[in-house]
Amino acid sequence: MGGIFVFAKVENGVPSRSTLELLGGAQKIAAGLEEPVTAGLLGQGDAALLYAYGVETVYRVDHPLLKEYQADLHLLALERIGRTAEPRVILLPGDSLGRDLAGRLAFRLQTGIVTEVIDIDVHPSEKSLRFTRQAYGGKAIAAIVPKAFPVVATLKPRTFDPAARAGDRTGTEIPVEAPLDGAQAGTRLVERVQEETTGVKLEDAQVVISGGRGLGGPEGFDLLVELARVLKGAVGSSRAATDAGWVPSSMQVGQTGKTVSPDLYIAVGISGATQHVAGISGAKTIVAINTDPEASIFKVAHLGIVGDYKAILPPLIARCRELVGG
Amino acid sequence: MRIVVCLKQIIDPELPSSQFKIDPGSKRQQPNGHPLVISPYDENALELALQLRDQTAGHVTVLSVGQSSAVSALRKGVAMGADEAALISDPALEGSDAFGIAAALAQGIQKLGPPDLVLCGCESGDWADRIIGPILAEALGIPCVTYVARAEKHNGHVRAQRVVEEGYEIWEVTPPLLLTILSHESNVPRYPKVKDIMTASRRPISTWSLSDIGLDTGHVGNAVTRVEIQELTLPTRESRCEFLEGEPGGQVASLITKLREKKVI
Ligand SMILES: Cc1cc2nc3c(=O)[nH]c(=O)nc-3n(C[C@H](O)[C@H](O)[C@H](O)COP(=O)(O)OP(=O)(O)OC[C@H]3O[C@@H](n4cnc5c(N)ncnc54)[C@H](O)[C@@H]3O)c2cc1C
Ligand SMILES: Cc1cc2nc3c(=O)[nH]c(=O)nc-3n(C[C@H](O)[C@H](O)[C@H](O)COP(=O)(O)OP(=O)(O)OC[C@H]3O[C@@H](n4cnc5c(N)ncnc54)[C@H](O)[C@@H]3O)c2cc1C
């Protein structure tokens, strides 16, 4: 049947940011493949919101058990949709959802999978697909071609430009039956806890200030939070800082952590390992503050200050405060 | 509690980029005598396994698919405190993708006997596909929770803290189950004692071929991969850093000027 299938989510009356990125990736290859973009929706989200981005067909499983996320039930619904839609490509977000479901979906559909994709191309004459991803912690770039279809691909968050609206369009909705039953859920949610330090979401922030092992302890982060408040930004961290328990894991930036794409990224006491840098490739301006002039972070930074953060941050906070008139 | 921890041996992922070379033929990193280590998150997984075992009673097995060199990774696992170790090694495994590796792990786990808990790293330090754990859970037909920072036993269940974008979730699962483990302050890998390293170095490690685990060669190897690595290249990186000189006050003043020119503040 073919098509580029996007696992979509609509929240508060709009497609989610990750859905728009998937649609952006789908639009990039749809013309080259000469195949339509299709989507799957779980629950009751408005399909018209997806038609407006060029989606031609929406496959929907609507079931009360899909209201809250539960991996096994979501997977069963997705598997059903996959078998009904029979697309050529299945795009999932490379976030916590994709990390949970993509491999299992590929196993069930007995097909190939490529994860953390940063680019997709279509060969102009052969119409074959080629995925690009990082390997070896960002030290290498791999080009991967699928041999089995539908190929499942997860797109690295904050890497593909969100899709543009295609104007007033309509599409077709196809209901998909999935006989779900609570007993199929192998895991039970006990609690969901939100963690935020400055009220600005790290992924959405235009200014991100991250701290690493060089801060020497959790107290160092107080200065970062202060600067972030003044600049209306968010605070991130390296893995060394999260591993030490100075800040929660949800603040980690990098290969395992989050991808951020702010206008301004300030790395404080972070050496610049490739696995950290993998999370900031979309940052427009990178500033590094580090005592070691040889630190790798200066190889990716645009502006560098060699110095102790304890001497740099207080005057920086004071000057920024004057500027914003606080 | 019977726990199996899947350990992958890799070239030290913290080597600087300057020492990273690609072998264009095999499309993999050139080993060049660089140190071989246990993929970092697998050590966190093993640490968690040892803690869970030590809280009550149990048995921890470390299991790896790889070449004979991986025996040293398993020995380190034993020195850290694992009760048993096994290596699955077979020339037919060469060129396997994630499905081939997971099939071998699944058969190895069957041979060890039914586990209560299987632990994997959340992602490996080389390819970081993030899928071996979830695929292995499917192959074993058990539930799976990914990117777990900590886990504990709770009234016959396991409670796992899964890190998500907004914070974390606590999931409760009845064994058997599989978790993929993230580093966390609670699972910092212990250093093995010199005495335990010595004992482990004399321990025979079982090495199984595919026929030993009852896996047909048709399930593994390059012939059955579902994707193909077409090319592996080095990223282009241009250094463009402008250093701001002077005393801290002057550095900060220059920084502010530059950031205002760029209109980012
Ligand atoms: C599979 C895998 C996944 C990974 N994922 C991630 C990830 O998502 N995110 C991540 O960050 N890392 C990740 N890592 C870890 C990464 O390789 C590095 O180990 C980590 O980023 C190092 O953290 P750091 O820069 O804070 O610490 P360090 O490398 O120890 O650097 C500390 C820096 O602080 C500087 N410093 C010291 N004192 C001061 C001072 N007073 N003022 C200013 N500077 C000072 C030092 O010069 C040094 O450069 C991953 C690794 C692997 C193998
Ligand atoms: C076409 C193709 C050919 C390939 N050929 C080779 C090859 O010849 N040699 C090669 O080394 N790689 C090869 N690879 C890469 C290899 O298949 C991947 O390493 C594999 O998919 C596992 O993924 P990962 O390492 O990214 O682990 P992830 O999916 O990120 O999973 C991480 C966790 O799974 C567990 N795990 C992963 N691998 C093992 C293992 N071997 N033993 C025990 N536990 C493990 C660990 O707990 C680890 O932390 C090939 C890949 C492709 C696509």
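Before we move on, is A:SER237 of a type in the set (Ser, Thr, Tyr), buried (at least 18 other Cβ atoms within 10 Å of the Cβ) and near ligand 1 (Cβ under 8 Å from one of its atoms)?
Values: of a type in the set (Ser, Thr, Tyr): yes; buried (at least 18 other Cβ atoms within 10 Å of the Cβ): yes; near ligand 1 (Cβ under 8 Å from one of its atoms): yes.
Against the criterion (of a type in the set (Ser, Thr, Tyr), buried (at least 18 other Cβ atoms within 10 Å of the Cβ) and near ligand 1 (Cβ under 8 Å from one of its atoms)), A:SER237 qualifies.
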- prompt: Does at least one position in segment A:228-243 carry a residue that is hydrophobic (A, V, I, L, M, F, W, C) and more than 25 Å from B:ILE265 (Cβ to Cβ)?
  reply: yes
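To keep it simple, each residue is scored yes or no on (1) assigned to a loop (DSSP other than H, G, I, E, B); (2) open to solvent by 60 Å² or more (accessible area, probe 1.4 Å).
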| residue | (1), (2) |
| --- | --- |
| A:VAL114 | no, no |
| A:VAL117 | no, no |
| A:THR132 | no, no |
| A:ASP161 | yes, yes |
| A:ARG169 | yes, yes |
| A:GLU196 | yes, yes |
| A:LEU202 | yes, no |
| A:ASP222 | no, yes |
task: Have a look at B:THR217, B:THR233 and point out the one that is surrounded by 13 or more Cβ atoms within 10 Å (Cβ to Cβ) and more than 7 Å from chain A (Cβ to nearest Cβ).
output: B:THR217
- request: Can you give me the number of residues within segment B:236-258 that are more than 7 Å from chain A (Cβ to nearest Cβ) and part of a helix (DSSP H, G or I)?
  value: 4
message: Considering only residues that are in contact (Cβ under 8 Å) with a residue 24 or more places away in the chain, at the interface with another protein chain (Cβ under 10 Å from one of its Cβ atoms) and more than 16 Å from ligand 2 (Cβ to nearest atom), which ones fall in segment A:233-244?
response: A:GLY233, A:ALA240, A:ALA244
message: Among the residues of segment A:211-221, are any away from ligand 2 (no atom under 16 Å from the Cβ), more than 30 Å from B:ILE256 (Cα to Cα) and under 24 Å from the mean Cα position of the chain (by Cα)?
response: no
field: Selected residue [among the aliphatic types (A, V, I, L, M) and more than 21 Å from B:ALA79 (Cβ to Cβ)] from B:ILE22, B:ILE10
entry: B:ILE22
query: Does any residue of segment B:102-122 turn out to be in a loop (DSSP other than H, G, I, E, B), crowded, with 23+ Cβ neighbours inside 10 Å and either within 12 Å of chain A (Cβ to nearest Cβ) or within 16 Å of ligand 1 (Cβ to nearest atom) (or both)?
result: yes
field: Filter result (of a type in the set (Val, Ile, Thr) and touching a residue at least 40 places away in the same chain (Cβ under 8 Å)) within segment A:128-167
entry: A:VAL151, A:VAL152, A:THR154, A:THR159
Members of segment A:311-326 that are in contact (Cβ under 8 Å) with a residue 40 or more places away in the chain and either open to solvent by 20 Å² or more (accessible area, probe 1.4 Å) or outside the structural domain of A:ALA273 (by TED's automatic domain parsing) (or both): A:PRO314, A:ARG321, A:VAL324, A:GLY326
- request: Filter segment A:278-321 down to the residues that are closer than 21 Å to B:GLY249 by Cβ and in a strand (DSSP E or B), then identify the one that is farthest from the other protein chains (Cβ to nearest Cβ).
  value: A:ASN290
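So that you can scan it fast, the table gives a plain yes or no per residue for (1) away from chain B (no Cβ under 11 Å); (2) of a type in the set (S, T, N, Q); (3) touching a Cys at 6+ places or on another chain (Cβ under 6 Å):
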site	(1), (2), (3)
A:SER96	no, yes, no
A:ARG99	no, no, no
A:ARG108	no, no, no
A:TYR136	no, no, no
A:LYS147	no, no, no
A:VAL152	no, no, no
A:THR170	yes, yes, no
- line: Listed by range, strands (runs of 3 or more DSSP E) wholly within segment B:1-65 having at least 1 residues that are more than 16 Å from ligand 1 (Cβ to nearest atom) and open to solvent by 10 Å² or more (accessible area, probe 1.4 Å) are B:2-6, B:59-65
- prompt: Are any residues in segment A:270-302 near ligand 1 (Cβ under 9 Å from one of its atoms) and closer than 19 Å to A:THR256 by Cβ, and if so, which ones?
  reply: A:ILE270, A:SER271, A:GLY272, A:ALA273, A:THR274, A:GLN275, A:HIS276, A:VAL277, A:ALA278, A:GLY279, A:SER296, A:ILE297
message: Tally up the residues in segment A:255-269 that are near ligand 1 (Cβ under 6 Å from one of its atoms) and either of a type in the set (Asp, Glu) or within 11 Å of chain B (Cβ to nearest Cβ) (or both), please.
response: 3
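The values are calculated or read from the model by the stated rules, or taken from the named source; none is laboratory data. From a predicted model like this one, the values you see are computed outputs, not experimental measurements. Every residue, glycine as well, gets a Cβ built from its backbone with ideal geometry; the counts of neighbours run over all protein chains shown. All accessible areas refer to the heavy atoms of the entire protein, side chains included, with ligands and DNA or RNA removed. Shrake-Rupley method; radii C 1.70, N 1.55, O 1.52, S 1.80 Å.
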